[in-house]
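The values are calculated or read from the model by the stated rules, or taken from the named source; none is laboratory data. Please read all numbers here as calculations on a predicted model, not as lab measurements. So basically every Cβ, Gly included, is an ideal-geometry build from the backbone, and we count neighbours across all protein chains shown. Side chains included, ligands, DNA and RNA excluded: accessible areas come from the protein's heavy atoms. Shrake-Rupley method; radii C 1.70, N 1.55, O 1.52, S 1.80 Å.
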Amino acid sequence: MYDATRTDTSWVGLYHGNFQNELKGKKILELGCGDCANAAVMAAFGAEVYANDISQKPGEIINKLNTSHKFEFEIKFIKGDFLKADIKNNFYDIVIGKAFVHHLTHDQEVKFTKKIVSILKANGLVRYFEPAINNKFLDHLRWLTPVPGRPSKFQRRKFEQWRINDPHPERDNSSKHYEKIGKKYFEETRIVPIGTIERFHRILPKKYSRRFRRFAFKFERKLPKSINLSLTRSHLIEYKIPKKQKGT
Ligand SMILES: C[S@@+](CC[C@H](N)C(=O)[O-])C[C@H]1O[C@@H](n2cnc3c(N)ncnc32)[C@H](O)[C@@H]1O
């Protein structure tokens, strides 16, 4: 955990500001819990974790986690589509999404946000870690650079085939987009860019990668926020205090 929150982008982002210290005793819902690694980490820090995923698999992982580890609170699995799940209103302190929201269309995101507003307590918090696309030029370069599992845009046929099978919807992943959602549904919004310098680790030989990333995450905090926002690869998104409708 110590190493991951200093080196691995999604952990650096989600746990930015020593978030682990805010977890003990909190009721937390994690959306799209996937492999449940983060649900397990939060439970190990003393949170009462409810983990949701549309896939059945995380339910099996959670059963194994609960048997193999004595958490203060057993992790509960909420099966199925979040929008259809029966979830208590005004119940959660925190809602978490790690690499989750960019899988939603804009329409789904609005529906998710409205439901999150009603299930959160009055002083509730949302914390997402997501990829950021704030700079068109860098985004263009990204598509031209092949990475494992994704061909370069130069390889036209292969790229088109990849695009057809890509599970991510066409959507706005910019910090501005998240700010807009935050302002509409919450009293406070905070965006922390993560990965301005770290993103270049891909051009280095693998053996230097982890050392470079640790250095980059520290160094980029010294850059002005405007530069970080423009060049960042990902961002932590925080919404606080849901704007509740009367009766919710
Ligand atoms: C990219 S994975 C992220 C997994 C994990 N949070 C992580 O950081 O590795 C997205 C997850 O969201 C889940 N998912 C997608 N749509 C969903 C929905 N409508 N309700 C609940 N889970 C959903 C998928 O099954 C998948 O496990």
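Per-structure values
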quantity: The stretch 40-60, residues that are farther than 19 Å from Lys79 by Cα and open to solvent by 20 Å² or more (accessible area, probe 1.4 Å); calculated: Val41, Ala44, Phe45
quantity: Residues of the stretch 42-68 that turn out to be within 19 Å of Lys98 (Cβ to Cβ) and within 11 Å of the ligand (Cβ to nearest atom), as a count; calculated: 8
quantity: Contacts under 7 angstrom Cβ, first residue in the stretch 52-65 being outside the structural domain of Cys33 (by TED's automatic domain parsing), partner more than 7 Å from the ligand (Cβ to nearest atom) and not in a helix (DSSP H, G or I), 6 or more apart; calculated: none
quantity: Tally of residues being closer than 27 Å to Lys79 by Cα and out of contact with any Phe, Trp or Tyr (no Cβ under 8 Å at 6 or more places or on another chain) across the stretch 2-32; calculated: 6
quantity: The stretch 97-126 residues that are within 10 Å of the ligand (Cβ to nearest atom), paired with ones that are small (Gly, Ala, Ser) (beta carbon under 7 Å, 6 or more apart); calculated: Gly97/Gly32; Lys98/Ser10; Ala99/Ser10; Phe100/Gly32; His103/Gly32
quantity: Test: residue in the stretch 69-88 that is within 15 Å of the ligand (Cβ to nearest atom), β-branched (Val, Ile, Thr) and closer than 11 Å to Leu31 by Cα; calculated: yes
quantity: Output for the stretch 77-118, where each listed residue is in a strand (DSSP E or B), over 30 Å from Asp166 (Cα atoms) and either open to solvent by 70 Å² or more (accessible area, probe 1.4 Å) or among the hydroxyl-bearing types (Ser, Thr, Tyr) (or both); calculated: Tyr92
quantity: Enumeration of residues in the stretch 12-39 that are among the acidic types (Asp, Glu) and surrounded by fewer than 21 Cβ atoms within 10 Å (Cβ to Cβ); calculated: Glu22, Asp35
quantity: Members of the stretch 180-233 found to be open to solvent by 20 Å² or more (accessible area, probe 1.4 Å) and in contact with a Gly (Cβ under 7 Å, 6 or more places away or on another chain), listed by number; calculated: Thr189, Arg233
